[in-house]
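Asker: Pasting a structure below so you can have a look.
The values are calculated or read from the model by the stated rules, or taken from the named source; none is laboratory data. Nothing here was measured: the structure is a model prediction, and the numbers come from that model. For neighbour counting, all protein chains shown are included, and Cβ atoms are generated from backbone atoms with ideal geometry for every residue, glycine included.
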Amino acid sequence: MAKLFAALVAVITIVSTGIFVARTWWLPPDISVVGPSIDSQLVETMVAAGVLFVVSQLTLAVFVWRVSDEKKERPIRRFPGGATPLVVLATALVGVEVLTLSLVGSKIWYNTFLAPVPANALKVDVQAGQFAFYFRYPGPDGTFGTPHPDKIDEGGGNFFGLDPANDIDARDDIVTAELAVPVNRPVLLTMHAKDVIHSFYVPELRLQQDFVPGLVIPLHFTATQVAKTEIVCTQLCGLGHYNMKTYLEVMSQADFDKWLKDQAAAQ
Amino acid sequence: MTTVSTPPTVAHHHGPPTTFISKYVFSTDHKVIGKQYLGLALVAVTTGMVLSWYMRFHLAFPDAKAPGLGTITPEQYLQLMTMHGTIMVFFVLTTAPFAGFGNFFLPLHTGAEDMPFPHFNMMSFWVTLTAFLVLVAAFVVPEGPPLAGWTAYAPLSAVGSGSGPGEGTGQTLWAISIFIFCIGQLLGALNFICTVLDMRTKGLSLARLPYVTWAWFITSVIGLIAFSVLSSACVLLILDRVAGTSFFIPAGLVVNDRVLTHAGGSPLLWQHLFWFFGHPEVYIAILPGFGIISTILPAFARKPLLGPRVMIGCMAAIGFLSYTVWGHHMFLSGMNPTSAMGFSVPTLIITIPATIATLLWLGTLYGSKYRFTTAGLFCLGFISVFITGGLSGFFLAQPSIDTYLHATYFVVAHFHFVMAVAAIFGIFAGTYFWFPKMFGRMMNETLGKWHFALTFIGVYAVFMPMHYLGLAGNVRRYSSFPAEYMGQALPLHKWITIAALFTGAVQLIFLYNLIRSRFAGEQAPDNPWEATSLEWSTQSPPPWDNFGGRHLVVSHGPDEYGVQSPRGDYIMQTDPP
């Protein structure tokens, strides 16, 4: 049984590592400015964790194999040097790893969530509710109308609770069920939730952020390729959670302008 | 063995039970309470596993009829998931390794006749059982159990039935159940701490306590803080639900076309309170496993643990750091993104004591004369699955990677390996090791080894592919994956489901072995493994007062193996100096 266990550990280690290395299941293509640095950080972590995984699992397998061959009459052997070298090794190895990952990672995190938003960013207001996303573009006046929760009427198409009769800013707001953005232009989302917590996840943007009732959360990104991908909710929000999704369409500036015009005309 | 006559001051503070009720039901005997906890955990783990089978069945075959449930609806899936997570985390991973084994063996390890507050101890179990019954009562109320997940994020969990099926009475029962559970664990933790600090027999310094006893002690300290906070949070949640308060509900919510009148609360407050408990809870589940492995490994390696004080330091460091990392569950929650770095660094640092502990186990194995018993094999399996689960933590501790992997199956793989499978391997190791002491009979080793080998293969077959799903961006907590979304993942989901059903079925071998050995197993000697700690100095099973009135004197450390002695290659703690 000892040798079987050692063999099992070795086989599981090699096969599972092989599947990672072959990238049989892997991240979808990245279409964002921050994506390459996130991917690079993930791959570096994968290599570091992968080496530790293979070395430690195979060490376990080898130790078990060798121990199972030991003769009963021989004395036990202490680990050379005792615990101190292991403590130093673990602290140094993992410490350096922690320091490196934290330093590089903090720069990526800053660029993704904390960097100032460029002034030319396209502003889109996003509301999440059970079980749909709605997007709002400010229209020609560049200003969003004020939402009123008590005026939300989904049956009547007033998803944000706008009051165009009394609010001039709201009159030209363009509300859509899908998010369209121009390629290579920064986009600033202002995210809020109508009822419970939801989340905005676009794997291709390498971006995820929760919507929290009571908070307006800014999120910015720049898409680098024309593409159509899914936006999915990743925070458990109720029975229709699995089906809460819509599309992100990244268009050329000209196509985006035309799309926005068509949406405005259809309001 | 050195003993002295029992002085009057240490005489047993409650007489031997005389009736069936006082002996087996409302018992104040820590050993009976330990068995009761383990029995509850066995019922709970069976329930939780069956629920996970239904979940996995639905994910792989969404249109097929599940036995007993028919075609599973999206809300049923979420209800199964919520109950699976809640039952497993609270009533299995907390009760079995900590309350179960801890109750039975902690007083034995300290040479005490019982815990200092036996009635609190009895109450702790019955309160916990009540919590379990309140939770499972949610299955029979209209609309069924809650669907908000084991984390019960507000406001979904706070605003009542309008937010979804099960969010009415079912969610209230959940909150009440967890509150009651916390009370039970606080009573238990108090007893554990006092037993370790005040009830040690003569000569038993803290340094001579077995590693698992240290683990239970540290876990108790963690639990005392963690469950206090969670119980308070549950009270606030219950008040939001039934008394109209707004601790977790902000103004202006429109739920199910109704504008709520609540105002002023914060959904993030629930997350902070929950995860302030929730992350230490991971260590409440796994630290007893650390202790069990550190205690059992030397017994089968026939050599002392490498770096005994370092191991205790690692467990204490993990216990301390566990309170500095809760925000890593909330990197993307809307919490100020700057604080993510403050939570990321300690999360990464906590891997240092965990890595040291793993290396110490490997160093102990090196050059040993390992006895490959079933318990010994589960120790080795623990090391393997803990390495696997621990390393995926490197990814999720980094906010910049979490932004992609958060809420995907990568997270499911991570916490199942490190918190569930590793802890369960620790429980299995403990069961095979201590069963002879608990019941006076040996478990069948052949069945045990089959159980180990098939379970080891099974857990890797189930949980390793979940890493691949997560890397591909497969979101967790979805009841189905239509072809246009993650359709390419369906074959992998089918594989996982088949592997999960297989691994679950393998547990029948364990169940059969457990029941058969209990009644027909070979009679166990007092010290079948030639181990050293105090429980092996008494009969199998121990008498009601543990040591038959003997007052033990301890002269040795907890793992003096690999030495020349009249016994062979080990010295028991009670042997003369």
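Asker: Where in the range B:16-128 are the helices (runs of 4 or more DSSP H), entirely inside, with at least 1 residues that are more than 14 Å from chain A (Cβ to nearest Cβ) and surrounded by fewer than 18 Cβ atoms within 10 Å (Cβ to Cβ)?
Answerer: B:30-60
Asker: Scan the range A:106-158 for residues that are of a type in the set (S, T, N, Q) and touching a helix residue (DSSP H, G or I) at 6+ places or on another chain (Cβ under 9 Å) and jot them down.
Answerer: Those that are of a type in the set (S, T, N, Q) and touching a helix residue (DSSP H, G or I) at 6+ places or on another chain (Cβ under 9 Å): A:Ser106, A:Asn111, A:Thr112, A:Gln130, A:Thr143, A:Thr146, A:Asn158.
Asker: Sticking with this structure for a sec: Give me the residue from the range A:195-236 that is part of a loop (DSSP other than H, G, I, E, B) and among the charged types (D, E, K, R) and, out of that set, nearest to the chain's Cα centre (by Cα).
Answerer: Step one: list which residues in the range A:195-236 are part of a loop (DSSP other than H, G, I, E, B), which gives A:195-197, A:206, A:212-216, A:224-226, A:233-236.
With the extra rule that they be among the charged types (D, E, K, R), the set shrinks to A:195, A:206.
Working: A:Asp195: 22, A:Arg206: 5 Å.
Checking each candidate, the answer is A:Arg206.
Asker: So which residues in the range B:439-478 are more than 11 Å from chain A (Cβ to nearest Cβ), in a helix (DSSP H, G or I) and within 11 Å of B:Asn513 (Cα to Cα)?
Answerer: Scanning the range B:439-478 gives B:Leu447, B:His451.
Asker: Would you tally the residues in the range A:242-267 being among the hydrophobic types (A, V, I, L, M, F, W, C) and part of a helix (DSSP H, G or I)?
Answerer: 7
Asker: Can you tell me which residue is nearest to B:Ile356 (Cα to Cα) among those in the range A:56-78 that are more than 7 Å from chain B (Cβ to nearest Cβ) and of a type in the set (Asp, Glu)?
Answerer: A:Asp69
So that you can scan it fast, the table gives a plain yes or no per residue for (1) over 27 Å from B:Thr532 (Cβ atoms); (2) within 11 Å of chain A (Cβ to nearest Cβ):
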{"residue": "B:Gly265", "(1), (2)": "yes, yes"}
{"residue": "B:Leu268", "(1), (2)": "yes, yes"}
{"residue": "B:Phe277", "(1), (2)": "yes, no"}
{"residue": "B:Ser294", "(1), (2)": "no, no"}
{"residue": "B:Phe300", "(1), (2)": "no, yes"}
{"residue": "B:Leu332", "(1), (2)": "yes, yes"}
{"residue": "B:Val345", "(1), (2)": "yes, yes"}
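Asker: Being within 21 Å of A:Tyr201 (Cβ to Cβ), among the polar types (S, T, N, Q), touching a residue at least 60 places away in the same chain (Cβ under 8 Å) and outside the structural domain of A:Phe159 (by TED's automatic domain parsing): is that true of A:Ser68 here?
Answerer: It is false that A:Ser68 is within 21 Å of A:Tyr201 (Cβ to Cβ), among the polar types (S, T, N, Q), touching a residue at least 60 places away in the same chain (Cβ under 8 Å) and outside the structural domain of A:Phe159 (by TED's automatic domain parsing).
Asker: Could you list all residues from the range B:132-171 that are within 21 Å of the chain's Cα centre (by Cα), more than 9 Å from chain A (Cβ to nearest Cβ) and closer than 15 Å to B:Leu237 by Cβ? Steps first, please.
Answerer: Here is the first cut: in the range B:132-171, the ones within 21 Å of the chain's Cα centre (by Cα) are B:132-136, B:149-152.
Keeping just the survivors that are more than 9 Å from chain A (Cβ to nearest Cβ) gives B:132-136, B:150, B:152.
Listed by number, the residues that qualify are B:Val134, B:Leu135, B:Trp150, B:Ala152.
Asker: Residue check, A:Gly35 against (1) at the interface with chain B (Cβ under 10 Å from one of its Cβ atoms); (2) surrounded by fewer than 15 Cβ atoms within 10 Å (Cβ to Cβ), all met but one. Which one?
Answerer: So the condition that A:Gly35 fails would be (2).
Asker: Residues to consider are B:Thr403, B:Thr431; find the one that is over 19 Å from the mean Cα position of the chain (by Cα) and part of a helix (DSSP H, G or I).
Answerer: B:Thr403
Asker: Here are some residues: B:Val235, B:Val229, B:Val196. Which one is out of contact with any helix residue (DSSP H, G or I) (no Cβ under 6 Å at 6 or more places or on another chain), among the β-branched types (Val, Ile, Thr), touching a residue at least 24 places away in the same chain (Cβ under 8 Å) and outside any loop (DSSP other than H, G, I, E, B)?
Answerer: After ruling out the rest, the residue left standing is B:Val235.
Asker: Examine the range A:241-252 for a residue that is away from chain B (no Cβ under 14 Å), over 21 Å from the mean Cα position of the chain (by Cα) and surrounded by fewer than 17 Cβ atoms within 10 Å (Cβ to Cβ), and state whether such a residue exists.
Answerer: For the range A:241-252, residues away from chain B (no Cβ under 14 Å), over 21 Å from the mean Cα position of the chain (by Cα) and surrounded by fewer than 17 Cβ atoms within 10 Å (Cβ to Cβ): present.
Asker: Let me ask something additional. Which numbered condition trips up A:Ile168, out of (1) within 25 Å of A:Ala121 (Cβ to Cβ); (2) touching a Phe, Trp or Tyr at 6+ places or on another chain (Cβ under 9 Å); (3) surrounded by fewer than 18 Cβ atoms within 10 Å (Cβ to Cβ)?
Answerer: The one condition A:Ile168 does not meet is (2).
Asker: A further question follows. Do we find a residue being out of contact with any Lys or Arg (no Cβ under 8 Å at 6 or more places or on another chain), in a helix (DSSP H, G or I) and surrounded by fewer than 22 Cβ atoms within 10 Å (Cβ to Cβ) anywhere in the range B:249-262?
Answerer: Taking every residue of the range B:249-262 in turn, none turns out to be out of contact with any Lys or Arg (no Cβ under 8 Å at 6 or more places or on another chain), in a helix (DSSP H, G or I) and surrounded by fewer than 22 Cβ atoms within 10 Å (Cβ to Cβ).
Asker: Next question. For the range B:338-380, which positions are within 20 Å of the chain's Cα centre (by Cα) and assigned to a loop (DSSP other than H, G, I, E, B)?
Answerer: Passing the criteria: only B:Ile350.
Asker: Further, regarding this structure: Is it the case that some residue within the range B:366-375 is within 21 Å of A:Val104 (Cα to Cα) and not acidic (Asp, Glu)?
Answerer: No.
Asker: Testing A:Val11 on (1) more than 29 Å from the chain's Cα centre (by Cα); (2) closer than 20 Å to B:Pro465 by Cα; (3) at the interface with another protein chain (Cβ under 9 Å from one of its Cβ atoms), one condition comes back false. Which one is that?
Answerer: (3)
Asker: Follow-up question, since we're still on this one. So B:Glu281 ticks every box in (1) within 21 Å of B:Phe382 (Cα to Cα); (2) over 19 Å from the mean Cα position of the chain (by Cα); (3) acidic (Asp, Glu) but one. Which box is left unticked?
Answerer: It fails just one condition, (2).
Asker: Let me ask something else about it. Where residues in the range A:79-129 are among the charged types (D, E, K, R) and buried (at least 17 other Cβ atoms within 10 Å of the Cβ), which of them is farthest from the other protein chains (Cβ to nearest Cβ)? Give the steps one after another, and end with the answer.
Answerer: Within the range A:79-129, the subset among the charged types (D, E, K, R) is A:97, A:107, A:123, A:125.
Applying the additional criterion that residues be buried (at least 17 other Cβ atoms within 10 Å of the Cβ) yields A:97, A:123, A:125.
Numbers: A:Glu97: 8, A:Lys123: 19, A:Asp125: 15 Å.
Selected residue: A:Lys123.
Asker: If you check every pair at least six apart or on different chains, which have Cβ atoms under 6 Å apart with a residue in the range A:36-62 that is closer than 29 Å to B:Phe382 by Cβ first and a residue that is in a helix (DSSP H, G or I) and at pLDDT below 95 second?
Answerer: Hits for this filter: A:Thr45/B:Phe394; A:Ala48/A:Glu97; A:Ala49/B:Phe394.
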